[in-house]
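S.K.: Structure in structure tokens, see below.
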Amino acid sequence: ESTVTVTPARLGFDAVSKSLEDKVIVPAGYSVTVLYRLGDPIKGGVPAYANNGGDSGFDDRAGDHHDALFYYGLSASGDRDDANSNRGLLVMNHENITQDFLHPNGPTPAPRPESEALKEMEAHGVSVVEVTRDAAGGWSYVQGSALNRRVTPLTETELRGPAAGSDQMRTRFSPDGTRGRGTINNCANGYTPWGTNLTCEENWAFYFRRDEGDDAARTPAEATALGRYGVRAGNGGNFAWTTVQPADRSSTAYSRWNATADPEAADATGDFRNEPNQFGWVVEIDPYDPSKAPRKRTALGRLGHEGCWPGLFSDGARPAFYMGDDGRGEYIYKFVSAAAWSAGDARADDRLAIGDKYLDRGTLYVARFNADGTGDWLPLIFGRGPLTPGNASYPFRDQADVLIHARLAADALGATRMDRPEWSATNPVTGEIYFTLTNNSASGRPLNGTDAANPRHYNDPTTDGEDQRGNPNGHILRLKEANDSGEATRFAWDVYAFGAGADLDSGNVNLSALDASNDFSSPDGLWFSRATNAAGKVNPLLWIQTDDGAYTDVSNCMMLAAQPGRLGDGGPVTITNVGADGAMAAQSTIVGAAPGTNLRRFLVGPKGCEITGIDSTPDGRALFVNIQHPGDDGNGHWPATQTDSGATSRPRSATIVITKDDDGVVGL
Ligand code: FEO
Ligand code: CA
Ligand code: CA
Ligand code: CA
């Protein structure tokens, strides 16, 4: 029985219009402050960012491509204080880089200079940065805070859980397979009630080089597995880091991105053929203790991890974490801890030891969506069902193998292929789980590949090229666990909303009846307002962020807020899908919500960006949002253009803070 008072959520702002301006637009009565930009110095004595391509030392500066973020409160004495809304740590991901803006004249072609490659590596990873609110309500970050920290692809990490020490994790750097270096392409996130951050490795596969012919040097199972994760023979590796000739000839900081088996190496401890197996994990960081190495939690499986957001925690129940694998046709997963939640653990001092307790043992499940609005969580347990050495498509050797190759295990179990699973969010009142399915193309999921949970296939003429057919605008699913328990192996689901332009066919495409105040495309970031706000009431507003290519001719990427209701609110919707040649897929009738006036556009970003990453202070009065890769269309100059429309400086990814001019709760 919940004892909190639930305030019926309402949307207390006027919708903003779609925009192509090079500026963040928010509703009347709200203000935007640019807080933390690419290159901003976080350590004392580091010079201000010149933003001309000549800067270096990114392990002491903000990284690039700000992504998911979370606010961790600090007390006046600098200790953990979850309730403090005036001082805290922002932990955020730096997913990727825009090479052109990091060097004076763009990147030098291969062989890459070491200084350029080092800068590019260090601009990836994670920031921990202290932020404070001054007496007048203004926000700034604190250069030189002892808690400021960068985790980069060079930071030493620990491997934990069932796959740690597996022979498939052994490398020249870590012959026993228990340690690694860094984290990369960190996309969405999660938090724990014991005060740690979960950062998720998404498109890591494409950083690896594998030479033509390497498949022949591997066992058939290895070649299958590398291909399934996109580490294909013939891949050159993002940014050609392996072409660096380091000044220190013994350094493997660059050669470690070459996963080609070295014919002169006796085994995997002599090269980096297994280095790709050290990526694709959920990584736990203690933001309050910069001395602690991040821990890769292998029990949660190796994927193209988007996020890892918890369900509701309940004393005595085993907690669950929900995870999307962002690829066309990939799956939705959850991890259920083996340990029942003990609320006292929320206050423990050794936070990563609590992580060991809850995140190193448990069961990984993958979702199968049934046409009748039910679903099943299928366990990835070695020895069960097809997950045995006798499995034809890939012989599983042990539980470590199942976790390292979770995608292959999910294939064998017959899970439902999805339209690119991105973030999840948990309604703090109902416990329902929302998932964004950002989009899919006709090649990723053809007309005859539709199913009840991925039901739309249409033509959006405003989208370029082959991507215009399929589900270019994406949708949002909602799951309700059986008995509202994260331990459940059954769930119910519906479609909360379909992305669409308001002008698209209302019968088969714009099924959620979106209008000019709320039409959107390619939902990605997803977040519920924190359960408490300044009024001490629950405020379950759902926030939706877009990463779009389909609707950017009409509007830059955006963020919307919703009062989402509950599973089943939407009633049945019938869809008739028609292919390019007039072929028709079977008509499907599904349960789909029509959010209508309960969904409203709150923000539109500057040119070329995506909107990603969102959290607030516990009181809800400051909303932090990340603006990722502004100006990537080649025309933008944000954030300088936020206050000077004629600015011509290089664009920079940045965190903004949004406040209400009357100091109220944002969104209400
Ligand atoms: Fe990094 Fe799935 O977006
Ligand atoms: Ca994303
Ligand atoms: Ca995305
Ligand atoms: Ca992105």
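S.K.: Here is a check on your reading of the model: is ALA117 more than 16 Å from ligand 3 (Cβ to nearest atom), of a type in the set (A, V, I, L, M) and over 28 Å from LEU35 (Cβ atoms)? Working first, answer last.
M.R.: Details: more than 16 Å from ligand 3 (Cβ to nearest atom): yes; of a type in the set (A, V, I, L, M): yes; over 28 Å from LEU35 (Cβ atoms): yes.
Yes; evaluated as a whole, the condition is true for this residue.
S.K.: If you check ASP315, ASP325, which single one turns out to be farther than 21 Å from SER127 by Cα and either within 16 Å of ligand 3 (Cβ to nearest atom) or among the hydrophobic types (A, V, I, L, M, F, W, C) (or both)? Break it down into steps so the answer makes sense when it comes.
M.R.: Working: ASP315 fails: either within 16 Å of ligand 3 (Cβ to nearest atom) or among the hydrophobic types (A, V, I, L, M, F, W, C) (or both).
Exactly one of ASP315, ASP325 is farther than 21 Å from SER127 by Cα and either within 16 Å of ligand 3 (Cβ to nearest atom) or among the hydrophobic types (A, V, I, L, M, F, W, C) (or both), namely ASP325.
S.K.: Would you kindly identify the strands (runs of 3 or more DSSP E) lying entirely within the range 14-100 that contain at least 1 residues that are of a type outside the set (D, E, K, R) and surrounded by fewer than 18 Cβ atoms within 10 Å (Cβ to Cβ)?
M.R.: Details: elements: 30-37, 66-73, 87-94.
Strands (runs of 3 or more DSSP E) meeting the threshold: 30-37.
S.K.: Now for a different question. Can you tell which of ASP548, ASP515 is among the acidic types (Asp, Glu), under 24 Å from ASN626 (Cβ atoms) and assigned to a loop (DSSP other than H, G, I, E, B)? Break it down stepwise before answering.
M.R.: Details: ASP515 fails: under 24 Å from ASN626 (Cβ atoms).
Result: ASP548 is the single residue among ASP548, ASP515 that is among the acidic types (Asp, Glu), under 24 Å from ASN626 (Cβ atoms) and assigned to a loop (DSSP other than H, G, I, E, B).
S.K.: Now for a separate question. Would you confirm whether or not the range 221-241 contains a residue that is surrounded by fewer than 16 Cβ atoms within 10 Å (Cβ to Cβ), more than 16 Å from ligand 2 (Cβ to nearest atom) and more than 30 Å from GLN628 (Cβ to Cβ)?
M.R.: No - not one qualifying residue is present in the range 221-241.
S.K.: So, in the range 194-214, of the ones that are among the hydrophobic types (A, V, I, L, M, F, W, C) and within 14 Å of ligand 1 (Cβ to nearest atom), which residue ends up surrounded by the most Cβ atoms within 10 Å (Cβ to Cβ)? It would help to see each step written out before you state the result.
M.R.: Quick first cut of the range 194-214, residues among the hydrophobic types (A, V, I, L, M, F, W, C) only: 194, 198, 200, 204-206, 208.
Still in the running and within 14 Å of ligand 1 (Cβ to nearest atom): 200, 204-206.
Details: CYS200: 31, TRP204: 25, ALA205: 23, PHE206: 17.
Among those residues, the one meeting the criterion is CYS200.
S.K.: If the Cβ limit is 9 Å and pairs must be 6+ apart or interchain, which residue in the range 509-538 that is over 22 Å from LEU603 (Cβ atoms) and away from ligand 3 (no atom under 16 Å from the Cβ) pairs with which residue that is among the basic types (Lys, Arg) and modelled with pLDDT under 90?
M.R.: Close Cβ pairs (under 9 Å, with a partner that is among the basic types (Lys, Arg) and modelled with pLDDT under 90) do not exist here.
S.K.: Taking VAL128, is it over 24 Å from LEU603 (Cβ atoms), of a type in the set (A, V, I, L, M, F, W, C), at pLDDT 95 or above and part of a strand (DSSP E or B)? Write out each step before concluding.
M.R.: Values: over 24 Å from LEU603 (Cβ atoms): yes; of a type in the set (A, V, I, L, M, F, W, C): yes; at pLDDT 95 or above: yes; part of a strand (DSSP E or B): yes.
Spelling it out, VAL128 is indeed over 24 Å from LEU603 (Cβ atoms), of a type in the set (A, V, I, L, M, F, W, C), at pLDDT 95 or above and part of a strand (DSSP E or B).
S.K.: When both residues are 6+ apart or on different chains and their Cβ atoms are under 7 Å apart, which pairs have a first residue that lies in the range 120-134 and is of a type in the set (Gly, Ala, Ser), and a second that is crowded, with 23+ Cβ neighbours inside 10 Å and part of a strand (DSSP E or B)?
M.R.: From residues that are of a type in the set (Gly, Ala, Ser), the pairs are ALA123/HIS94; GLY125/HIS94; GLY125/ARG150; GLY125/VAL151; GLY125/ASN186; SER127/MET92; SER127/HIS94; SER127/ARG150.
S.K.: Please pick out the residue among ALA452, ALA409, ALA442 that is touching a residue at least 12 places away in the same chain (Cβ under 8 Å), buried (at least 24 other Cβ atoms within 10 Å of the Cβ) and more than 24 Å from ALA68 (Cβ to Cβ). Before you say what the answer is, go through the steps one by one.
M.R.: On the way: ALA452 fails: buried (at least 24 other Cβ atoms within 10 Å of the Cβ); ALA442 fails: buried (at least 24 other Cβ atoms within 10 Å of the Cβ).
Selected residue: ALA409, the only one of ALA452, ALA409, ALA442 that is touching a residue at least 12 places away in the same chain (Cβ under 8 Å), buried (at least 24 other Cβ atoms within 10 Å of the Cβ) and more than 24 Å from ALA68 (Cβ to Cβ).
S.K.: Collect the residues in the range 601-627 that are within 16 Å of ligand 3 (Cβ to nearest atom) and among the hydroxyl-bearing types (Ser, Thr, Tyr), keeping them in residue-number order. Walk me through it before giving the result.
M.R.: Narrowing the range 601-627 to residues within 16 Å of ligand 3 (Cβ to nearest atom): 605, 608-614, 625-627.
The answer is THR612, and nothing else.
S.K.: Can you go through ASP326, ASP356 and tell me which one is more than 16 Å from ligand 1 (Cβ to nearest atom) and at pLDDT 95 or above? Working first, answer last.
M.R.: Details: ASP326 fails: more than 16 Å from ligand 1 (Cβ to nearest atom).
Only one candidate passes the filter, namely ASP356.
S.K.: Sort through ASN510, ASN459, ASN483 and tell me the only one that's surrounded by fewer than 24 Cβ atoms within 10 Å (Cβ to Cβ), of a type in the set (S, T, N, Q) and touching a Leu at 6+ places or on another chain (Cβ under 6 Å). Write out each step before concluding.
M.R.: Working: ASN459 fails: touching a Leu at 6+ places or on another chain (Cβ under 6 Å); ASN483 fails: touching a Leu at 6+ places or on another chain (Cβ under 6 Å).
So the residue among ASN510, ASN459, ASN483 that is surrounded by fewer than 24 Cβ atoms within 10 Å (Cβ to Cβ), of a type in the set (S, T, N, Q) and touching a Leu at 6+ places or on another chain (Cβ under 6 Å) is ASN510.
S.K.: Mind listing whichever residues of the range 169-193 are in contact (Cβ under 8 Å) with a residue 24 or more places away in the chain, surrounded by fewer than 22 Cβ atoms within 10 Å (Cβ to Cβ) and outside any loop (DSSP other than H, G, I, E, B)?
M.R.: Scanning the range 169-193 gives ARG181, TYR191.
S.K.: Would you please list the contacts, defined by Cβ atoms under 6 Å and residues six or more apart or on different chains, that run from a residue in the range 608-622 that is within 20 Å of LYS660 (Cβ to Cβ) to a residue that is assigned to a loop (DSSP other than H, G, I, E, B) and within 16 Å of ligand 4 (Cβ to nearest atom)?
M.R.: Once the first residue is within 20 Å of LYS660 (Cβ to Cβ) and sits in the range 608-622, its partners that are assigned to a loop (DSSP other than H, G, I, E, B) and within 16 Å of ligand 4 (Cβ to nearest atom) give ILE611/CYS557; ILE611/GLY605.
S.K.: Hey, does the range 272-294 have a residue that's farther than 22 Å from ASP615 by Cα, away from ligand 1 (no atom under 16 Å from the Cβ) and either among the aromatic types (Phe, Trp, Tyr) or under 17 Å from the mean Cα position of the chain (by Cα) (or both)?
M.R.: yes
S.K.: Related question: Looking only at residues that are outside any loop (DSSP other than H, G, I, E, B) and free of Cβ contacts under 8 Å to residues at least 60 places away in the same chain in the range 292-338, which one is farthest from HIS405 (Cα to Cα)? It would help to see each step written out before you state the result.
M.R.: Within the range 292-338, the subset outside any loop (DSSP other than H, G, I, E, B) is 295-300, 305, 309-310, 320-325, 328, 332-337.
Next, from what is left, pick out any that are free of Cβ contacts under 8 Å to residues at least 60 places away in the same chain: 335, 337.
Working: PHE335: 15, SER337: 19 Å.
Across the range 292-338, the extreme among qualifying residues is SER337.
The values are calculated or read from the model by the stated rules, or taken from the named source; none is laboratory data. Note that this is a predicted model, so its numbers are computed, not measured. Glycine also receives a Cβ, built like all others from the backbone with ideal geometry; neighbour counts cover every protein chain displayed.
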